[in-house]
Structure formats: C-alpha cells, structure tokens
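Q: Encoded as structure tokens, here's the structure I'll be asking about.
The values are calculated or read from the model by the stated rules, or taken from the named source; none is laboratory data. Just so it is clear, the model here is predicted, and its values are computed rather than measured. Note: ideal-geometry Cβ built from the backbone for every residue, glycine included; neighbour counts use all protein chains shown.
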Amino acid sequence: MPASSSTESVGATEFTGSTDATGAQPVADAAARADGLLSADRQFGDSAAIGERNLARFRLGLTMLARHDAEGADVLRTTAAGPDERLRPLLYDPVLRNCFEVDLVELERCRLDRSSFAVRLGDGAADTAPPMGPCEALTDPHLRAWPELGDTWVLTEPAPRDDAQKKLGERLMELYRDALGSGATAPVRPTDEVLAGLREGANLLATLLPSSGAGVLGHITLVGFTHRESEEGPLQSMSGGDPLPSAVLLAPERCASPWLAAESLLHEGAHLKLFDALRTGSLVANPTERVPIPWRIGSWTLIRVFVALHFYVHVLVFRAAAATAGEAVRERFGAPPTVEEIDEPSPGTPAAQDQTYRTAAERARYLAECMLSLPDEALTENGRRFADWLLTALRLVDSEAPEPPARTTATAAGPEEEEEEAAHLPEAPLEGVLERVAPVDACALPGLGQLIVSTTRSARMHWLNARSWTVYSLCDGRAPGSLRTAYARAAGLPTDSLEVARQVDGSLRRLLAAGLVTHSG
C-alpha cells in the first residue's frame, strides 16, 4: 500500500449531523453502534486480532528467511522464537519493518542472498529494552506521543551514540525522505503547545470513539512533524505505508486544536490499521482493475477504492459522534467544528465542474456504489465480507448510503471460503491417499481459528481458516472417503450430508493447489 497524504486544498461544508432534541439521541446511538462494529470484526476491525496475526506472520517470515540465509539463520530463528513483548518493538520499528517486508519480496522473487533484517540485528539493532524499539532508542529528547494511551513515540533528529546506531539513524532518515518525496524538510521538533495538542487530539479520539478510535491509535508507532510543499499544496498529514512503516507525519498546524488533531490521527491511523489487516488476506481478484473517480483525474484501482471508503466511513462515524458530543467532551476539548474540511476536487474533473462530491458522505456513497456494481468474481471472499462490513457501518450513520447485499452478514466470525472461488481448480480426488507435504513451518492461531503454513520448498505463506485447517490436519495418509467421515465427526455434521462433501472438497482443492497436500494412488 503506498503512502497516503492530505494537502491543504480544502473546502468548507456544513456538518449534516443532527443535534436537535428529537434527532440527537438516534444519531448518538447510531455512532456508538458503528464505533463498536468497526472494531468488532475479527479480520478487519479487531486491532488485537490484527496484531496477533501480524506477529504470527512475522515469526513465520523470519523462519522462512532463515532457510535461505545461512549466515543470518541463527539470529533469525532466535528472534522468531522470542516472546511477543520482544517481537513487537522489532516488528513495528520503521527500519526493521521495512527490512522485513523488502526481504520477503526478494525471497518470493528468488533474489534473496542476505537478509537485510538479519544484517540489522547483527549490527546490534535489537539491543534495546522493550517496549522501546531500535529507532526509538535513537531519539533525544525522548518524547511519547500520548503516554496514557500507548507507547507511540515522537520522531526527532536521531542522536546516535555509536556506529551501529549511526547507520540505523541514517537509514531512518533515508526512509523518511523517501516517504515524503521532493520538498521534504527535516523533522520538526514539536513545541510544548504542539505536543499538547497532539495528546489532546489522541485523548479526544479515544473518548469520542472508545472502540475504533482507540484501536486505530495502537497501529501508530511514531508521529513525526514536518513541512513539505508539492504541486498539490503543503502537506497536512500522511501515513507511511511501506516507505515508512507504522508512521504518521503531520504538519504542526494540525495540532492547533484537538478536533483537527483527532481527525488527522483517525485518517492516517485508519490507513495504517488497514495496511496491517491486508497483510494477511487479499481483497481483490484483479489488482489492476480500475474505476473512474469523478473528483480525481484518472481512475483508481479497486484496492484504492477500498482504502478510501474505509477512511470515509471512519470519518463519518467520527463526525456523527462529534455532532452529539456531550457537555463533558465540549468542556474539555472545546466545541466540535461546524464545518467539514475536505480536499477540493481536482481542477477539470466532473466534480469540479458540477460542484459535486464535495462532502465525505457524497464520496462514500459513490465508492459504496462502485463496490456494489462489481461482479462477485472481482472480489475475494475476504473482499466481499470487507465490503459488506463497511457498508453496514456506513448505513448506521448515513441513511442515504446504499444497503449492503443480503448475501452475507457483516458480523460473521471469520472469513469462510466460497466454493465458486475453487471452481477453476481440479476436482477433489475420490480415491487414493492424501498426505500433508513435509517438512513445513507453521504458526497456529487457535483463538482466531487460523493456521499459517509454508513448505520448506516455497517462499509463500498460506493462511488456512478453521475449515481448511481441520481438513489439512486430517490429511495423514487416509483416503478421501475416510477424510470426509473424520471431518463430519469433527464438525458435528451428518457423515453423508452434501454439506460435508462441499466443505471438504472446497478446502481440499485449495490445499492441493497450494502444494500443502499431495494425492497418490
């Protein structure tokens, strides 16, 4: 996912949230329900579950890298076996996370010679005490962004104390400049007033949206302040994505009020949260397919449509909660703004000519309609569930938004496979013997009903849900008929039911195609 940014091309539009005596409570109730929904989904909304899956991916990825880097194998395997509290500061360190992701890409392309992650560890990058990460240890002064809500730190110019830290600091600043592009300036050390505004913004976000807002903050490792000029205007905020992982960069002016800071953190933190969620499951079948966007020149890929709608839904929930904020919130943080700030349509676009799509609600409805117009085969099952989940939340705070289709429920416990997605795969065998490929590296997440597996001959991770995991575990040399009987017993279904055959065959076809199971005889 590329870095995202917001510029100063802003228009003012009155909020549409109702605050009169008859409408305020329904709006407040809807905002609270939407807040809960946005944080409840185990795949896309539950930050703890997203973090657990990312740690599992991190462990397995380090193990995979160790297979192909003999020199760094010991340190990679030792790190992979460490406790969660030791791994988190490494996974969410911007330099080490960048190294890890680059290494995985090089591994998949069969071009990995030496793991850059292992090299950093060998240089002493991990010699810090949790919860402090390697890059955070470079900062002087050491500043926490919102101490009462988490361990997020503030980026300042690195102050290395030895050669290893000097190299790490240089790489951090290189990633910082690459993320910002041309026009970048050095990180700005925040004044006490800016830092106070940032902290109040984080507190406001967690107060107003205690589920989704507080969860979003946990996906931000560092906050940096900077200035940058571009053709689109001065930078207001951006999230790092791959170029600068787990980072949010802000213009200091975004902390002039808690409301402005809170919305900026929600905007960019939601992008980082989705970035983490999408590491463990794709949404679209064709990543190059594009749709026209009337307020922008050109078109967007489907994944960019998902990212934008994800943000707009969050901001509309935030504004619905702001419109009905109680006296305690207003006394502490001030009155919410009465106008909506949103970037202007690009010059020459239909929206600029027609004066349309100038509110978050209008844009969210358009993007929702785009999703609904897509054929089922354009999205994975994860993608369909993601779309339904977002549309359900959107409808809670915008009655004019399109309704999600009745095909699924947006609050399903986990991603289930659709049999039509396996239609292009060979039929499941009716005879012979089924066996798991060995050896493999795996990481189990029993609480989430997921297993991550990678064969030692492969550079790919395979995510199995509870159904496929059960079928996979039963491929121990038994025949397909015996497999169905054992699965029926485990699932509590009648042995001869069509549902058993459907579930087993769909999972088995995927396992065979992924090279995790072999069939002989």
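Q: Kindly list the number of the only condition in (1) in a helix (DSSP H, G or I); (2) surrounded by fewer than 19 Cβ atoms within 10 Å (Cβ to Cβ); (3) in contact (Cβ under 8 Å) with a residue 60 or more places away in the chain that fails for LEU265.
A: Result: LEU265 passes all but (2).
Q: Does THR128 count as surrounded by 14 or more Cβ atoms within 10 Å (Cβ to Cβ) and closer than 24 Å to THR226 by Cα?
A: No: the conditions fail for THR128.
Q: Hey, another quick one. The conditions are (1) buried (at least 19 other Cβ atoms within 10 Å of the Cβ); (2) closer than 24 Å to LEU38 by Cα; (3) not basic (Lys, Arg), and TRP295 fails exactly one of them. Which is it?
A: Unmet for TRP295, out of (1) buried (at least 19 other Cβ atoms within 10 Å of the Cβ); (2) closer than 24 Å to LEU38 by Cα; (3) not basic (Lys, Arg): (2).
Q: Hey, can you tell me all the residues within segment 105-117 that are in contact (Cβ under 8 Å) with a residue 60 or more places away in the chain and assigned to a helix (DSSP H, G or I)?
A: Hits for segment 105-117 are LEU107, GLU108.
Q: I've got another one for you. Just for segment 348-390: of the residues that are farther than 20 Å from ALA34 by Cα and of a type in the set (Asp, Glu), which one is modelled with the lowest pLDDT?
A: If we take residues in segment 348-390 being farther than 20 Å from ALA34 by Cα and of a type in the set (Asp, Glu), then ASP376 is modelled with the lowest pLDDT.
Q: Now, a different point. Show me the helices (runs of 4 or more DSSP H) entirely contained within segment 46-97 in which 2 or more residues are acidic (Asp, Glu).
A: On the way: elements: 47-68, 73-80, 84-91.
It comes to 84-91.
Q: Select, from ARG189, ARG199, the only residue that is at pLDDT 95 or above and surrounded by fewer than 22 Cβ atoms within 10 Å (Cβ to Cβ).
A: On the way: ARG189 fails: at pLDDT 95 or above.
Selected residue: ARG199, the only one of ARG189, ARG199 that is at pLDDT 95 or above and surrounded by fewer than 22 Cβ atoms within 10 Å (Cβ to Cβ).
Q: Here's something else I'd like to know. What are the residues in segment 151-169 that are at pLDDT 95 or above and either in contact with a His (Cβ under 8 Å, 6 or more places away or on another chain) or within 19 Å of PHE117 (Cβ to Cβ) (or both), if any?
A: Across segment 151-169, the qualifying residue is only TRP153.
Q: Hey, THR518 hits all of (1) more than 21 Å from THR280 (Cα to Cα); (2) outside any strand (DSSP E or B) but one; which does it fall short on?
A: (2)
Q: Report every pair of residues separated by at least 6 positions or lying on different chains whose Cβ atoms are under 9 Å apart, first residue within segment 157-178 and closer than 18 Å to THR221 by Cα, second among the hydroxyl-bearing types (Ser, Thr, Tyr) and not in a helix (DSSP H, G or I).
A: Matching pairs, first to second residue: GLU157/THR139; PRO158/THR139; TYR176/THR226.
Q: A further question on this structure: Within segment 84-104, can one find any residue that is under 26 Å from LEU195 (Cβ atoms), aliphatic (A, V, I, L, M) and in contact (Cβ under 8 Å) with a residue 60 or more places away in the chain?
A: yes
Q: Residues to consider are ARG510, ARG460, ARG502; find the one that is in contact (Cβ under 8 Å) with a residue 24 or more places away in the chain, within 30 Å of ASP103 (Cα to Cα), in a helix (DSSP H, G or I) and not hydrophobic (A, V, I, L, M, F, W, C).
A: ARG510
Q: Inspect all residues belonging to segment 502-511 and state whether any of them is modelled with pLDDT of 90 or more, of a type in the set (Ser, Thr, Tyr) and surrounded by fewer than 18 Cβ atoms within 10 Å (Cβ to Cβ).
A: The answer is no, given that none of the residues of segment 502-511 is modelled with pLDDT of 90 or more, of a type in the set (Ser, Thr, Tyr) and surrounded by fewer than 18 Cβ atoms within 10 Å (Cβ to Cβ).
Q: What helices (runs of 4 or more DSSP H) lie completely within segment 304-383 and have 2 or more residues being crowded, with 19+ Cβ neighbours inside 10 Å and on the phi < 0 side of the Ramachandran plot?
A: 360-373
Q: For segment 241-258, how many residues are buried (at least 23 other Cβ atoms within 10 Å of the Cβ) and farther than 30 Å from GLY169 by Cα?
A: Going through segment 241-258 one residue at a time, the tally reaches 1.
Q: Can you find even one residue in segment 277-295 that is touching a residue at least 12 places away in the same chain (Cβ under 8 Å) and in contact with an Asp or Glu (Cβ under 7 Å, 6 or more places away or on another chain)?
A: yes
Q: For segment 118-147, give me the residue count where each residue is within 26 Å of the chain's Cα centre (by Cα), closer than 21 Å to ARG189 by Cα and either without any contact (Cβ under 8 Å) to a residue 12 or more places away in the chain or part of a loop (DSSP other than H, G, I, E, B) (or both).
A: Going through segment 118-147 one residue at a time, the tally reaches 9.
Q: Check LEU445, LEU451 and return the single one that is at pLDDT 90 or above and either touching a His at 6+ places or on another chain (Cβ under 9 Å) or closer than 30 Å to LEU316 by Cβ (or both).
A: Numbers: LEU445 fails: either touching a His at 6+ places or on another chain (Cβ under 9 Å) or closer than 30 Å to LEU316 by Cβ (or both).
Every option except LEU451 fails the conditions.
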